[in-house]
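The next block holds one structure in the form of structure tokens; read it before the comments.
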Amino acid sequence: HLSHDQKKILGLSLQNIEFTLIGKGPKGNLPLSYNNVDLYYKNNIYSRFNTDAQGKGIIQLLKGDFTYNSSREGYYSISNKALLIDGVKNSFQDTLYQKTYSVQFNINSQQGAIQDASITLDGYTPDFTNASGLVIFPNIGYEKKLLYTVQRNGFFDATGTIDVINPIILNITLTATGNEIISRNHSKIYPNPTTNQLHIESEKPISRISV
């Protein structure tokens, strides 16, 4: 490579180029801080710079046709992308897209599937289990130690963390806050004991209830 002084002697002028790298995923956009960007000129490595805490990096470049690569764990890489330095434009921005995976919860008690259990993943809209105790979040961004919470009236909450680095199927058994009463016609009454709210589930229509 030519030194700065050599470039001056040859009448070549350097430009300060500002480059911003953004990460985009289901939770929104965020600056990709301290990320490497490799620059190539005529298929040879020319330079490398790192973005700062705001996802910005500054490098001095001559006019010319460059390409660049950038990668980050959990994101799709940028490879061999064109970068034209024309002496006019001096700021550039690009985006790395986060990988996403499906996360499935199967929620049960000792008596079977639990319907209408609320599932919360940190940063995402909560959803509820169906009659089979199942709910699927189809588009969860790559993330380690993602917090989840499972809640249902009559049961103790279940919380934990998951590493969303592949599709996940999570089977969780909730514990009733009291003993479920199972009647002869396979009705369930819980929690037992209760203070102000009682839940009744039955496989058959219920015509009369006396408390």
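Of the residues making up segment 110-155, those that are free of Cβ contacts under 8 Å to residues at least 40 places away in the same chain, of a type in the set (A, V, I, L, M) and either more than 30 Å from residue 76 (Cα to Cα) or open to solvent by less than 60 Å² (accessible area, probe 1.4 Å) (or both) number 7.
Of all the numbered requirements in (1) of a type in the set (A, V, I, L, M); (2) open to solvent by 80 Å² or more (accessible area, probe 1.4 Å); (3) under 31 Å from the mean Cα position of the chain (by Cα), residue 107 misses one, and that requirement is (2).
Of all residues in segment 75-102, those satisfying the criterion of being in contact with a strand residue (DSSP E or B) (Cβ under 8 Å, 6 or more places away or on another chain) and of a type in the set (D, E, K, R) are 81, 94, 99. One residue stands out among those in segment 156-179 that are open to solvent by less than 40 Å² (accessible area, probe 1.4 Å) and at pLDDT below 95: the one that is nearest to residue 98 (Cα to Cα), which is 176.
Listed by first and then second residue, the pairs with beta-carbon distance under 8 Å, at least 6 apart or on different chains, first residue in segment 12-36 and without any contact (Cβ under 8 Å) to a residue 40 or more places away in the chain and over 16 Å from residue 78 (Cβ atoms), second among the β-branched types (Val, Ile, Thr) and surrounded by 16 or more Cβ atoms within 10 Å (Cβ to Cβ), are 33/51; 34/51. In segment 62-89, the residue that is farthest from residue 30 (Cα to Cα) out of those that are surrounded by fewer than 14 Cβ atoms within 10 Å (Cβ to Cβ) and of a type in the set (S, T, N, Q) is 80. Within segment 42-60, residues that are modelled with pLDDT of 95 or more and part of a strand (DSSP E or B) sit with their Cβ atoms under 6 Å from residues that are aromatic (Phe, Trp, Tyr) and open to solvent by less than 90 Å² (accessible area, probe 1.4 Å), at 6+ positions apart or across chains, in these pairs: 57/19; 57/49.
Within segment 81-98, residues that are of a type in the set (Gly, Ala, Ser) sit with their Cβ atoms under 6 Å from residues that are part of a strand (DSSP E or B), at 6+ positions apart or across chains, in these pairs: 82/67; 91/18.
The values are calculated or read from the model by the stated rules, or taken from the named source; none is laboratory data. Keep in mind that this is a model prediction, so the values were computed, not measured. Glycine also receives a Cβ, built like all others from the backbone with ideal geometry; neighbour counts cover every protein chain displayed. Just the protein is used for accessible areas: all its heavy atoms, side chains included, with ligands, DNA and RNA removed. Shrake-Rupley method; radii C 1.70, N 1.55, O 1.52, S 1.80 Å.
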